[in-house]
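Visitor: Below is one structure. I have some questions about it.
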Amino acid sequence: MQRMKQIPMPRKQKFEFLGILTGEGILSPTQSTAAYREVWEPAHEEFEADSLWAGYNCATEALKSSPVHQIIQRHSKLHELTRTLYLN
């Protein structure tokens, strides 16, 4: 978490990140819309920063609407892809 907070991710990069997550099937189209909304109007003040942590949490907020049988799988894929793209 601390490392994610230190990695800059301006709004444009958040949009790119969410686009990748949608293209990879981690976010559904409906969840993607919710995630983009989180970029513009974060539900939590701490996620207003231009950081990877804030971008990641736009996705986790949207994933809360996942079907019960897909929640763990989608969160795992989110974490794996985030680690591959930004934390290695």
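No value in this document is a laboratory result; all are computed from the given coordinates. It should be emphasised that the depicted structure is a prediction, and the values quoted were computed from it without experimental measurement. We place every Cβ from the backbone using ideal geometry, glycine too, and count neighbours over all the protein chains shown.
Visitor: Can you pull out the trypsin sites (Lys or Arg not before Pro) in the range 45-78 whose DSSP state is coil and whose Cβ has at most 14 other Cβ atoms within 10 Å?
Guide: Answer by residue number: Lys64.
Visitor: Which is farthest toward the positive dipole end of the chain among Phe15, Tyr86, Ala34, measuring Cα position about the Cα centre, with Cβ charges +1 (Lys, Arg) and -1 (Asp, Glu)?
Guide: In the chain, that residue is Tyr86.
Visitor: Can I ask one more? Mind checking the dipole of the chain: about its Cα centre, +1 per Lys or Arg Cβ, -1 per Asp or Glu Cβ, Debye to the nearest 20?
Guide: 240 debye
Visitor: With a cut-off of at most 16 other beta carbons within 10 Å, and DSSP calling the residue loop, which GluC sites (Glu not before Pro) in the chain qualify? Please list them.
Guide: Hits after loop and neighbour filter: Glu24, Glu48.
Visitor: Another question, then. Please list the non-local residues whose amide H lies under 5 Å from the amide H of Ser51, H modeled 1.01 Å from N, same-chain partners needing a gap of 5 or more.
Guide: Met9
Visitor: Binning at 10 Å from 0, report for the chain what percent of all alpha-carbon pair distances ends up in each bin.
Guide: 19, 56, 24, 0
Visitor: For the chain, modelled as a GNM with alpha-carbon contacts under 10 angstrom, which of Ala54, Ala43, Ala35 fluctuates the most?
Guide: Ala43
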